[in-house]
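Read the figures in this text as sums done on the coordinates, not as results from a lab. Since the structure is predicted, the reported quantities are computational estimates derived from the model, not experimental observations. Cβ coordinates were reconstructed from backbone atoms using ideal geometry, including for glycine residues, and neighbour counts include every protein chain displayed.
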Amino acid sequence: MRKFAELVLKYRVPIIIVTIIITVFMAFQLRKLEISSDILEYLPQEDPNVVLFNEVGDKFGGNSLAMIALETDDVFNPNTLNRINTITQQLKEMPEISYVTSLTDVIDIKKMEDGLEVGKLVDERNIPSNKEELGKIKNYTLSKEMYRGNIVSDDGTIAVVIARLNEDADRLVVGREMKELVQSTEGNEKLYFAGIPFQMIYLTDVINSDVAKLLPVVLLLLIITLAISFRSKRGVILPLATVIISTIWGLGLMSLFGIKLTIASDGMPILLLAIGSAYGIHMVNKYLEDIRKGDNKIEAIKNTISEVGVPIFLAGLTTSIGFLAFLVSNLTIIKEFGIFTAIGVMFAFIVSITFLPALLSFMPPPKIRKNQKSTQYTSTNRFMKRLSGVIIKRKVGIVLVGFSICAIGIFSIFNISREVNMVDYFKKDSEIRQAEDMMESKLGGSIPIQILVKGDLQEPAVLKEIVKLEKYLKSLPDVNSPQSIADLICEMNDVMNDSYCIPETREGVANLWFFLEGNEILPQLINSQNNEGLIQAKLGTVNTKKANLITGQIDRFISENINSDILTIDLTEANSNLKEINQKRVVNISNMIFYDATHYGFEIKDRDALEEILHEHLTQDDQEIPTSSITIKLVDYMNDEDSDLLIESSALQNKVINSLLKYFEKNQDHSEKGIVSNLKKIVPNSYYEDDPEMLDYAAMSIVSIIENEIKWNKVNSLIKEITPLFSKDIQQNPDFKKNLIGDVWEINDTQIFISNTKFKNINKDDQNPTISLDLQQTGMPIIYKDIDNNIVSSQTYSLLFAIGLVFILLAIQFKSFIGGLISILPIVLTVLFNFAIMWIFKIPLDAATVMIGSVAVGIGIDYTIHFNNRFHFEIGKKNSVENALETTLQTTGKGIIINAFSVMLGFLTLLLGSIVPMQRFGWLIALTMVVSATASLTFLPSLLLITHASFIGDLKHMALRRAINIKANIKQKVNNFKDKK
Amino acid sequence: MKKKAITITMLLILACGSVYAQTHLAEDILKNADAVVNAPQDQEISLKMTLTDKGGNEKIREMKMYQKGDEMRLVRFLSPADQKGVSFLSLPDDIQYIYLPAFNKVRRIASHIKNDNFAGTDFSYDDMSASKYAEEHDATLLEKTDILYILELIPKPGVEKSYSKLKMWVRQDNFYPVKVEFYDKNSTLWKLFESRNIKKHGEYWIASEAEMTDIKKQHSTKMITEKIELDKGLSDKIFTKRNLKRAK
């Protein structure tokens, strides 16, 4: 080390120049340092969940939804609608935005008297201005589930413009542009900006302003601490220069590698300042000590480097290890933070033993103040003396307290909550938090749950499974407004055929599909080959625990209840399996009804009775022919001038109807041919002689009219029977009734979809093709869950890794296994104490607080090393244990307290920041410093004294000697007492 | 007719080179272009439509179209199989019906939104209707090349269109519009329409291939006329609800 010191002094000029050059270069790099607020970047990009998430984003026009909400008394007024329209139009023109949905730009399929109307909810070219029309639109919009709670709040006071950003769009830039654009539109509505892009903007701004706001405070604190400690310019400038230089290097290097500053690393500059300053302080301190001892300047510097160099190196190394332990984390941002903080710490060490002494050598030696010595017996010293007494007396008690804290800590590990949602990073009163809270309470949330569907989306079997899943999703608390292609098909079927369900046949689906084709909403729901689709719902909570519960439930439902290998069979071919198949159908329909009932707040009083009724209706053999309703429909048909069979004479109409009804009653398997021959018997030749195909077409229409009536009759009678089973009148809720009819409509199906694996016997040798379906959940909640899992494993592994490594290092240094073990215990205590505090104060583990453990190891170990070294040294001087302890506490102990105090102050500045996790991190780590210092000054010596650990010195014999001494003392006192007597 | 138009044009150019005349000339060209496209009394066309998305995926649809005059049209889809028989009937005054064979139902469709695309194509309902450019636009002649006129069309005041302007290339010899560019409200190119294979069928000029490309969406629709019969004297009965259902 002495040689190194000579080298440093020899090359002091090049060292200073090189250091300055590197610093200037790195400072330039700093300008390129970017801030990343993308939560996806937390995870490695090859993480399967990230891959799937990105895949979905690529395929369906982007994953990022930006939501702009406008709040006013009633959004259905011309000004607000016009403003929404302006915003919508302008956003649509931005190339980075793939789709925009709002009141003035959303597909609307309206049922009308004799048909349907496909169009937009509000015609953007012709926004109504009269009250009556606006009122109509309002009532209509709020009556439809598609809109209510999605683009407008239930009470009509908030309207939302939802923009989907392209997958490759720079969300920060686009988000800012959007915000500016929206704010420039005129209107009195209160604006809210929610969704990931706006959260990112806010987070970036906050990181930026936090770094800018906190750094000067930390620097100032550091200057004050240094000024008080050293009372000299040199004492302030040198350590300050050291930390500033090493911090610039660390951050500059980060920028050079293209690593961005994140929610985890934004505290890095402060951390480096707080930790790095210690090395400079030690150097300057030792130098002053040597000068005071009478060394000349150069000699003092040499001594300083050679004597303090190794401890500083060790301290730096262990601290770096604490940070490098984050390499085992799966979370990219934490890994990066670990690496670069470790490097930064090593930089601080290097600068402290090269640049600092080099610069010092150019400064005149300080004048030695005479009164320096007299300040030795201060109140601190008295306190330390007393402390040493307490430790010796109460060592067992101290150790017991220490171990009880450890026990509580271990218990609390399992009870600490976790929080990974970005929204939780912001203070409750922040603009973004308010926007998100509003979205959650009024519009079901801003975070999408996504389920990727792989399967033929024009296949009724596939669509029916999607409907089943969506109904389940709706029944879950905190899951809102699921949306998929299946809903649009149901909606269209409702408009065409009054039944809100998936049509039984592929042709039926394809026919309905026709209306949707080319609509802007489709590319957000399906790919162009119709073999992949997306189910999207909104997560109505930002609570990580609840979100994890929900994603888990969804995954379980998919694996347990969704058919992935579907076989289509005709009910007439079911034969021996019919009973089992019907049982399955009953359960299926009953489940759907149950989900719907749950969602709409209805209770099923008797589920068994429901299933019994369903079973009865499914197994009913002879179909009832509802003569009166068929008669009405057929009369209508024959009266319609556009119909194939226009009959004016009501007598003839009656004859036709009677004959048809008779025919249908007699022939269960009616045919169009049969009807034609039936008609020919009654309808005079003159009706069809010049149009030979007329009766064929008439038969076609008649079959569909009668079949339709039979089906409706079945459904209506079933609904009538189950109505009393619900806790409330189903007529009260038209949406529930609509869904209920859709659920029940399935009893008419003759094509049944069953699980191929469960009915292997039907599809022997796999002669029938099956339909495959694969559902995978993705979306932000899954990403959060992934991060959450990784936070836990990061915590566990990085901590174990750090403690393990430090243990090995200490064991090697003390050449003692026990020595390593004892030295690590105060740190373990500190870490566990931290967990106990987190548990008691309900502080969640998040991207920042997860790091406390390892940071505590890295910094706390220094105290242990310093203490052990000094104690070892003092014991070596053949001092008594009391003396050794007292001296150690008065010298190193004091240093530890000063250091802990200044580091603590540094971290407490984080409380002034705006990011909640960093605030928590700040005060927790500050507390940790205090605990760590306390543990190494009390718990550690108590342990050493109790175990008589040999690595520290000949404690055992010393104790023996001490015991003899005490005995002798007592004897003497007793004797003295006796003498006096 | 061709000769007459050219004579008028020549005369106008000779008479004066004023802006007025230029505008007038442009409007005449446009009127002629409308007239050429709308010339047949009725048509019965078998069409093959190819939709291409930005990934290069193609969807093919075949249909049969009956048209009489400007405003009566019946379209029947022949493929894909599961949409076979789906039929549209358009009658004057924006009355439209659809027939869905899977449900054997005829429904009236009202669509207020003329700029919505027709059944997944790049043609809007508006684009599909009869060529009435002259009626709805003010035209100016931008350029005259060896064989083409290049016009700029701006919707007349009060006429709402989804585009801000059109640029139209019209053949000088027969006034057939061969290319139309649609510009959005930001004046950037949005859609491109091209007519190809323009040949004379009897006394009419017919483009047997037409393609509309949505440049923003990178999606295109190509329609190829596989068979065309003109002036067959189609009966009005074809354009009825009753016939709409007869899709077998």
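A few points about this structure:
- Pairs of alpha carbons in region A:612-677 separated by more than 19 Å make up 44% of all such pairs.
- In chain B, helices alone account for a calculated mean residue ellipticity at 222 nm of -5000 deg cm²/dmol, with every DSSP H run of four or more residues adding -39,500 (n - 2.57).
- Under 17 Å from A:LYS842, Cα to Cα: lysines that are on another chain or at least 8 residues apart: A:LYS427, A:LYS428, A:LYS545, A:LYS546
- Note on A:114-125: average number of Cβ atoms from other chains within 10 Å of each residue's Cβ is 5.
- Net charge of Cβ neighbours under 14 Å - reference A:LEU718; Lys, Arg +1; Asp, Glu -1: -3
- Rounded to the nearest 5, the antiparallel percentage of DSSP beta bridges internal to the protein assembly as shown is 95%.
- Placing a pseudo-label 7 Å from each Cα along the Cα-to-Cβ vector at A:ASN139 and A:GLU612 gives an inter-label distance of 4.3 nm.
- Cα point-scatterer Debye curve for chain A, base-10 log of I(q)/I(0) at q = 0.05, 0.06, 0.08 Å⁻¹: -0.47, -0.62, -0.88
- Partner shielding of B:68-79 amounts to 0, given as the average count of beta-carbon atoms from other chains within 10 Å of each residue beta-carbon.
- Taking every Cα-Cα distance in region A:148-218 and sorting them into 10 Å bins from zero, the calculated P(r) comes out as 16, 38, 30, 13, 4, 0 percent.
- Diffusion of region A:493-568 by Stokes-Einstein, at 10 °C in a medium of 1.306 mPa s and with Rh set to the Kirkwood radius over alpha-carbon pairs, works out to 102 µm²/s.
- Rg and Dmax of region A:345-456, based on Cα coordinates, read 29.3, 91 Å.
- Cut-off under 5 Å, modelled amide H: who pairs with B:VAL178 long-range: B:TRP169, B:VAL170, B:ARG171
- Each of A:VAL828, A:LEU799, A:GLY280 was scored by the projection of its Cα onto the charge dipole of chain A, and the greatest displacement toward the positive side belongs to A:GLY280; charges sit on the C-beta of Lys, Arg, Asp and Glu.
- Region A:100-175 has equivalent-ellipsoid semi-axes of 27, 15, 12 Å, by the square roots of 5 times the alpha carbon gyration tensor eigenvalues, sorted largest first.
- Scalar couplings 3J(HN,Hα) for region B:196-205, obtained by applying the Karplus form with A = 6.51, B = -1.76, C = 1.60 to θ = phi - 60°, are 10, 6, 7, 9, 8, 10, x, 9, 10, 8 Hz; x denotes Gly and Pro.
- Stokes-Einstein D for region A:12-87, Kirkwood Rh over Cα pairs, 25 °C, 0.890 mPa s (µm²/s): 135 µm²/s
- The 3J(HN,Hα) values that the Karplus relation (6.51, -1.76, 1.60; θ = phi - 60°) gives for region A:630-646 are, in residue order, 5, 4, 4, 5, 5, 4, 3, 4, 6, 7, 6, 5, 8, 7, 5, 10, 8 Hz. Gly and Pro appear as x.
- Taking A:ASP210, A:ASP154, A:ASP735 and counting other C-beta atoms within 10 Å, the order from fewest to most: A:ASP154, A:ASP735, A:ASP210
- Helix-only CD estimate at 222 nm, as mean residue ellipticity for chain A, using -39500 (n - 2.57) per DSSP H run (n ≥ 4): -21000 deg cm²/dmol
- Peptide packing: for A:757-763, A:773-779, the average count of neighbouring Cβ atoms within 10 Å per residue gives the ranking A:773-779, A:757-763, highest mean first.
- Region A:627-713: Cα Rg divided by the 2.2 N^0.38 Å rule of thumb: 0.99
- With each label modelled as a point 7 angstrom along the Cα→C-beta vector, the A:GLU573-B:ASP93 pair spans 5.1 nm.
- The local environment of A:VAL75, defined by Cβ-Cβ distances under 13 Å, has a net charge of -1 under the rule Lys, Arg +1 and Asp, Glu -1.
- Remark: for residue pairs B:LYS64/B:LYS241; A:LYS144/A:LYS785; B:LYS31/B:LYS161; A:LYS711/A:LYS737; A:LYS120/B:LYS161; B:LYS31/B:LYS167, the C-alpha separation exceeds 27 Å in A:LYS144/A:LYS785.
- Taking label points 7 Å from Cα along the Cα-to-Cβ direction, A:LYS815 and A:GLU41 give a separation of 5.0 nm.
- Per-bin percent of Cα-Cα distances, region A:56-213 [10 Å]: 10, 38, 32, 15, 4, 1, 0
- Within-13-Å neighbourhood charge of A:THR778 [Cβ basis; K, R +1; D, E -1]: -4
- Here A:ASP114 and A:LEU911 are evaluated by their C-beta separation; at R0 = 56 Å the FRET efficiency comes out at 0.25.
- Using the alpha carbons alone, the radius of gyration of chain B stands to its Kirkwood radius in an Rg to Rh ratio of 0.98.
- Annotation: region B:177-248 has a Kirkwood hydrodynamic radius of 15.1 angstrom, from the mean reciprocal C-alpha pair distance.
- For residues of A:515-522, the mean tally of beta carbons on other chains within 10 Å: 5
- Over all pairs of different C-alpha atoms in region A:535-690, the reciprocal of the mean inverse distance, the Kirkwood hydrodynamic radius, equals 21.1 Å.
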